[in-house]
Each structure stands twice: as structure tokens, then as C-alpha cells.
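Structure record follows, encoded as C-alpha cells.
The values are calculated or read from the model by the stated rules, or taken from the named source; none is laboratory data. Computed from a prediction, not measured in an experiment: that's the story for all the values here. No Cβ is skipped: glycine too gets one built from the backbone with ideal geometry, and neighbour counts run over all protein chains shown.
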Amino acid sequence: MNQQLEVRRLIADLEVLKSEQKRADEALQQAYAELEQRIEARTAELVTANRLLKQEIEERKRAEEELKRTKEYLENVINNSVDAIGIVDRHGRFLLWNRRAEEIYGYSFNELAGKTAFELYPDPQELKKMLAQLRREGGVREFEIGMKKKDRSIVPMDISISLLKDDRSRTIGGVCVARDLSGRKKAEMELKRAQEELSRHSKDLERQVKQRTREIIGILRYTPAVVYIKDKNGGYRLVNSRFEELFRITNEEIRGKTDYDFFPREVADQFRTTDLQVLAAGRPRQVEETIPQDDGVHTYLLVKFPVYDDQGTATGLCGIATDITELKKAQDKLRRLSGSIMARQEKERTAIARELHDELGQVLTALRMDAVWLAENLKGKDAKAGDRAVKMCELIDTTIDEVRGLATRLRPGVLDHLGLIDALEWYAAEFRKRTGIACIFKPSNVTRVDDFVATAAYRIAQEALTNVARHSFATQAHITLKEVRGMLTLEVVDNGHGFNTKKIEDSECLGLAGMRERAALIGGSLEIQSRPQKGTRVCFKLPLQARR
């Protein structure tokens with residue numbers, strides 16, 4: 001019985017032990033699960049911490065690289081600065097000395113060992129003043145002071161100083177930036193001298209302006225010419241005393257008015273037309289204008305030219321007019337006299353040509369007849385005398401030809417009977433025969449002209465070809481006569497040596513002057529173009545409509 005109870009008790013203890021074992025296993029499993037969760041959480045924390053640590057390390061490396069680059073950049077900036085830069089400690093001993101500082105002061109950084117910045121200032125009072133400002137304001141900006149270089153020369157410097165502080169705001173040193181003012185001082189001296197020179201020049205220029213102004217006023221007041229200045233719209237801005245005297249209007253009264261206010265409309269239109277032409281062309285122009293005055297109509301030779309402002313824009317024009325009324329009358333008289341002389345010359349040429357052809361020609365013809373009779377009668381009696389008589393006949397024939405040619409050149413009958421075209425055609429052939437120079441005449445659409453024009457054109461062509469034969473060494477000459485839109489044009493062109501027209505114009509060449517005079521007498525113009533080795537062109541133009 002007791003044994004059974006003991007077994008039962010043991011079994012109960014085993015059940016209890018089994019139950020506790022089960023609870024222990026469950027507790028162990030729970031503890032193991034909690035441990036795994038903690039390990040996973042810690043592992044995740046370690047991964048995150050590791051990642052953050054790596055990021056921090058990378059950021060620190062980047063910061064170190066950036067700091068390195070910044071340091072290199074700052075060193076490069078400092079070393080390549082145009083200003084001298086020095087960094088000193090609180091006792092003035094140098095910690096940094098850039099390349100520009102070495103160039104300006106002459107000291108290398110190693111040579112400054114044992115020296116302080118204060119030793120570079122030769123004037124103690126100026127240094128004391130600068131240091132007082134530095135202590136008072138905590139910095140110095142653009143303080144001008146003399147500094148001593150290695151060669152002991154003193155140069156003016158522009159100094160700026162900033163203090164360096166530690167984390168407790170205690171001064172541990174300073175940064176000094178210095179700029180050499182030698183060049184600026186030199187420039188200032190040069191500028192001062194230039195200003196003084198400019199002042200002297202300005203005073204001299206002012207004196208000259210006053211003198212020129214007095215001279216110009218004197219010229220405007222006493223010149224016999226009429227002088228005026230107008231704006232672009234034709235309003236008067238200035239007139240001289242001669243203008244006031246002639247037209248009985250003062251400078252103040254005429255200012256702002258135009259020609260239409262006191263001249264007849266046709267006269268004002270004439271003035272305005274030439275004014276606009278000068279302003280449009282932008283260059284001087286010489287014109288003749290007729291102006292009514294109290295004693296009649298006067299002719300003036302005007303030179304008009306634009307007046308410009310500082311920007312080169314034409315703001316108006318100036319006119320200078322000279323009264324040429326008496327000169328025009330004298331020229332007309334001279335022209336009439338010259339025309340009369342040329343007309344008498346043509347009459348005398350005609351009379352001489354007629355006398356040569358009629359009287360001397362008849363005498364030579366009679367002599368030839370007698371010489372022929374003499375040669376026939378001496379042929380069998382005296383052979384030598386007969387030969388002389390034959391030679392006399394030949395000589396008389398030659399003389400007759402020359403007299404006829406001379407008479408024809410003096411006044412060709414073909415010009416009087418057949419007109420200008422036939423006369424020029426005959427003269428071209430005669431010139432070709434006489435000189436051996438090929439001469440071609442080409443007329444084109446030319447109506448018959450009056451005798452006065454025909455004579456002038458013929459004489460101009462004759463004189464031009466005479467010059468070709470005498471001076472040009474040409475092998476060809478061309479005569480062209482044409483009429484286009486009422487304009488008669490005669491050209492004589494050769495392929496000769498040519499000449500300098502300026503030299504010919506400056507000399508007294510009667511042939512060219514005669515051609516110009518003939519052209520002017522009938523209202524035409526003569527133009528001569530030539531260059532060395534390029535031949536010569538003589539061109540006569542006459543507006544026929546004005547003569548009809």
C-alpha cells in the first residue's frame with residue numbers, strides 16, 4: 001500500500017516536473033524569439049549606423065577636398081593679386097607674404113624673418129596715426145602712407161588693414177592689403193600738368209577766338225560782298241552790314257524771315273531752288289543770280305555752302321555774293337568786240353582767199369601759159385633753156401596748187417556753198433592728204449545750222465586738227481558731228497601722245513584759248529580731255545534750241 005502511494009506520489013511529482021519543464025521550454029522559446037527580434041532590430045540599427053557613418057565619412061572627405069580646393073584657390077588669389085597682401089600675428093611678425101608684395105617691396109618672405117611690419121613704415125607719426133585709427137575703428141580703409149622698400153626708397157602706398165580675432169574675440173593678428181600709388185601719383189602729376197597746359201591752351205585759344213571774332217566781324221562789316229546765313233527752312237539767321245545797306249533792313253528785323261518776305265516771288269523761288277540744291281548736294285556751289293535793287297537789276301556771283309553742327313549735320317547754309325554787274329557788262333562788251341573781231345577776221349580771210357584765188361591765181365595761170373609757150377618754142381632751138389622752161393611750168397603748177405590750198409584753208413568755198421558737213425568732210429580728206437594721218441569724219445542726224453555756228457564749228461575742228469598735226473604724233477584722228485535732242489556735239493579725238501591739261505591751262509596757249517572763245521561767243525562750251533600716252537579729246541557742245 002505504501003509502495004503504491006509512493007509510486008503515485010512519484011508519478012504526481014513527474015507530472016508536476018513535466019508541467020514545469022513544459023513551461024520552461026515555452027519560456028525558453030519565448031526568450032529565444034525575443035532574442036532573435038532584438039538581434040534583428042540591433043542588426044538593422046547597426047546597418048543604419050554603418051550607412052550613416054559611411055555618409056559622414058564621405059561628406060567629411062568632400063569637405064576636406066573642398067577645403068583643400070578653397071585653400072588652393074585662396075592661395076592662388078592671394079599670390080596673383082594685383083595688390084600686396086601680408087598677414088601678421090599680434091606682434092606684427094609676418095605669417096604670409098604674397099608674390100606682389102615681394103615685387104613691390106623687394107623682400108622675399110624668408111628675408112622678413114625677424115622683422116615686423118612696423119619696420120616698413122619710415123614715418124613714426126604717420127604709423128601712430130594709422131594704428132590709432134585701427135584701434136578706434138577696428139580696421140583701416142585706403143589709408144595713404146609712405147612705406148620703405150628694400151632699396152630704402154620711400155613710395156606712397158594705399159593701405160587697408162583688417163584685424164583677425166579668435167573665438168573669444170581676442171586680436172590674434174591682421175591682414176594688410178597695400179597698393180602702390182606711384183603710378184597714380186605720377187598720373188596725377190601728369191594730369192595736373194596737362195590741366196595746367198590745357199588751361200594755358202584754353203586761354204590762348206580764347207584769345208585767338210576773340211581775335212578771329214574781331215577779324216570776322218571786321219570782314220563782315222567792311223567787305224563789299226553780301227554775306228548771309230540761313231537755316232534749313234530758308235530763315236535768315238545773320239546778314240552783314242552790306243546786306244543791310246543794300247536792302248535797307250537790319251539784322252534784327254530780318255532774323256527768322258525768308259526771301260519771300262521782301263523779294264518778288266520769282267526771285268525768291270530762284271534763291272530757294274539753289275539753296276535746296278546746295279543742301280541736298282552737301283558741297284559748295286557757285287551760281288549767278290539776278291537781284292532787283294533800287295537802281296535796277298544787278299547780277300551777283302554767289303558762293304553757297306552748307307553750315308554744319310558738331311555732329312556733322314547740315315543746319316543751314318552761308319552765301320557770299322559779289323556784285324558782278326559791271327563785270328558782266330564789260331564781258332558782254334568784250335564778247336561783242338571779240339565777235340566783231342572774229343567776224344572781220346572771217347571777212348578778211350574771205351577777201352584774202354578771193355584775192356589769192358582770183359588775182360594771184362589768174363597771174364600764175366598767165367605765167368604758166370607763157371612758160372608753156374616758151375618751152376614749146378625753145379624745144380628745138382635750145383634744149384637746156386627748154387628744160388628750164390618745163391621746170392618753170394612744174395614750179396608754177398605747184399605754186400598754183402599751194403595758193404588754191406591756202407585760199408581754201410583761209411575760207412573754204414564749200415563751207416559757204418554746201419554747209420558744215422561737206423566742209424568738214426572736205427577738210428578731213430585734205431588733212432589726210434597733207435599730213436598722212438588717217439582722218440575719218442562721221443556725221444549723224446545733223447540739221448543745217450546758220451553760217452555763224454558753221455564757221456565756229458569748222459574753225460574749232462580746224463584748230464584741233466592743226467594741234468594734232470603739230471604736237472600729238474598721232475596716226476589716227478576721228479571727227480564726229482551729231483545732233484541729239486537739240487544739242488550739237490563736235491568731237492575731235494586722236495590716238496597721240498596726249499598731254500597734261502593742267503599745265504596747258506596754266507600756260508598761254510592761243511589755239512586752245514581761241515577755240516574756247518569761239519565756243520563761248522555762240523553760247524557753247526568746249527571740253528578738252530587728255531592724258532599722257534592716252535590721246536586727246538576735244539568736245540564742242542552747243543544747244544541749238546537756244547539759237548532757234
Residues of segment 161-177 being not polar (S, T, N, Q) and not in a loop (DSSP other than H, G, I, E, B), in sequence order, are 161, 163, 164, 165, 172, 173, 174, 175, 176, 177
Test: residue 139 is touching a residue at least 24 places away in the same chain (Cβ under 8 Å), in the same structural domain as residue 93 (by TED's automatic domain parsing), closer than 25 Å to residue 79 by Cβ and not hydroxyl-bearing (Ser, Thr, Tyr): yes
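From the list 203, 148, which residue is out of contact with any Asp or Glu (no Cβ under 7 Å at 6 or more places or on another chain) and not assigned by TED's automatic domain parsing to the domain that holds residue 94? Give the derivation first.
Working: 148 fails: not assigned by TED's automatic domain parsing to the domain that holds residue 94.
Answer to the check: 203.
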Only residues that are surrounded by 15 or more Cβ atoms within 10 Å (Cβ to Cβ) and out of contact with any strand residue (DSSP E or B) (no Cβ under 9 Å at 6 or more places or on another chain): list them for segment 153-164, please. none
Answer yes if at least one residue in segment 175-183 is assigned by TED's automatic domain parsing to the domain that holds residue 120 and in contact with a Gly (Cβ under 6 Å, 6 or more places away or on another chain), and no otherwise. yes
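Being modelled with pLDDT under 75 and loosely packed, with under 10 Cβ neighbours inside 10 Å is the requirement here; does residue 17 meet it?
no
When segment 244-296 is examined, which residues are found to be of a type in the set (D, E, K, R) and touching a strand residue (DSSP E or B) at 6+ places or on another chain (Cβ under 7 Å)?
At the first step, the residues of segment 244-296 found to be of a type in the set (D, E, K, R) are 244-245, 248, 252-253, 255, 257, 259, 261, 265-266, 269, 272, 275, 283, 285, 288-289, 294-295.
Hits for segment 244-296 are 255, 257, 275, 285, 288, 289.
Looking only at segment 439-457, filter to residues that are touching a strand residue (DSSP E or B) at 6+ places or on another chain (Cβ under 9 Å) and surrounded by 14 or more Cβ atoms within 10 Å (Cβ to Cβ); which one of those is farthest from residue 487 (Cα to Cα)?
Of the residues in segment 439-457, the ones touching a strand residue (DSSP E or B) at 6+ places or on another chain (Cβ under 9 Å) are 439-447, 449, 453, 456-457.
Okay, now just the ones that are also surrounded by 14 or more Cβ atoms within 10 Å (Cβ to Cβ), so 439, 441, 443, 446, 449, 453, 456-457.
Working: 439: 24, 441: 19, 443: 14, 446: 10, 449: 12, 453: 13, 456: 15, 457: 13 Å.
Here the answer is 439.
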Per the filter on segment 84-100, residues closer than 17 Å to residue 166 by Cα and not in a strand (DSSP E or B) are 90, 91, 92
If we keep only residues of segment 105-116 that are at pLDDT 85 or above and not in a loop (DSSP other than H, G, I, E, B), then the residue farthest from the chain's Cα centre (by Cα) is 116
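One line per residue, one yes/no per condition, for (1) over 59 Å from the mean Cα position of the chain (by Cα); (2) modelled with pLDDT of 85 or more; (3) surrounded by fewer than 11 Cβ atoms within 10 Å (Cβ to Cβ); (4) under 18 Å from residue 88 (Cα atoms):
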residue: 118; (1), (2), (3), (4): yes, yes, no, yes
residue: 123; (1), (2), (3), (4): no, yes, no, no
residue: 147; (1), (2), (3), (4): no, yes, no, yes
residue: 151; (1), (2), (3), (4): no, yes, yes, no
residue: 169; (1), (2), (3), (4): yes, no, yes, yes
residue: 176; (1), (2), (3), (4): no, yes, no, yes
residue: 181; (1), (2), (3), (4): no, no, no, no
residue: 186; (1), (2), (3), (4): no, no, yes, no
residue: 206; (1), (2), (3), (4): no, no, yes, no
Residue ID - nearest to the chain's Cα centre (by Cα), chosen from residues in segment 239-256 that are within 20 Å of residue 289 (Cα to Cα) and either among the basic types (Lys, Arg) or surrounded by fewer than 12 Cβ atoms within 10 Å (Cβ to Cβ) (or both): 242
Hits in segment 207-236 - residues which are under 13 Å from residue 259 (Cβ atoms) and among the aromatic types (Phe, Trp, Tyr): 228, 236
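Can we say residue 190 is in contact with a strand residue (DSSP E or B) (Cβ under 8 Å, 6 or more places away or on another chain) and outside the structural domain of residue 307 (by TED's automatic domain parsing)?
Working: in contact with a strand residue (DSSP E or B) (Cβ under 8 Å, 6 or more places away or on another chain): no; outside the structural domain of residue 307 (by TED's automatic domain parsing): yes.
No; evaluated as a whole, the condition is false for this residue.
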Hey, among 238, 246, which residue is in contact (Cβ under 8 Å) with a residue 24 or more places away in the chain, among the aliphatic types (A, V, I, L, M) and within 18 Å of residue 321 (Cα to Cα)? 246
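Inspect segment 473-482 for any residue being more than 13 Å from residue 538 (Cα to Cα), of a type in the set (Lys, Arg) and out of contact with any strand residue (DSSP E or B) (no Cβ under 6 Å at 6 or more places or on another chain) and give the result as yes or no.
Applying the first criterion (more than 13 Å from residue 538 (Cα to Cα)) to segment 473-482 yields 473-476, 482.
Filter once more, so that each one left must be of a type in the set (Lys, Arg): 482.
Right, trim to out of contact with any strand residue (DSSP E or B) (no Cβ under 6 Å at 6 or more places or on another chain) and you get none.
Checked against the condition, which is being more than 13 Å from residue 538 (Cα to Cα), of a type in the set (Lys, Arg) and out of contact with any strand residue (DSSP E or B) (no Cβ under 6 Å at 6 or more places or on another chain), segment 473-482 yields no hits at all.
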If I filter segment 183-192 for residues that are free of Cβ contacts under 8 Å to residues at least 60 places away in the same chain, in contact with a helix residue (DSSP H, G or I) (Cβ under 7 Å, 6 or more places away or on another chain) and more than 26 Å from residue 108 (Cα to Cα), do I get at least one hit? no
Filter segment 209-245 down to the residues that are at pLDDT 90 or above and of a type in the set (S, T, N, Q) and list them by number. 233
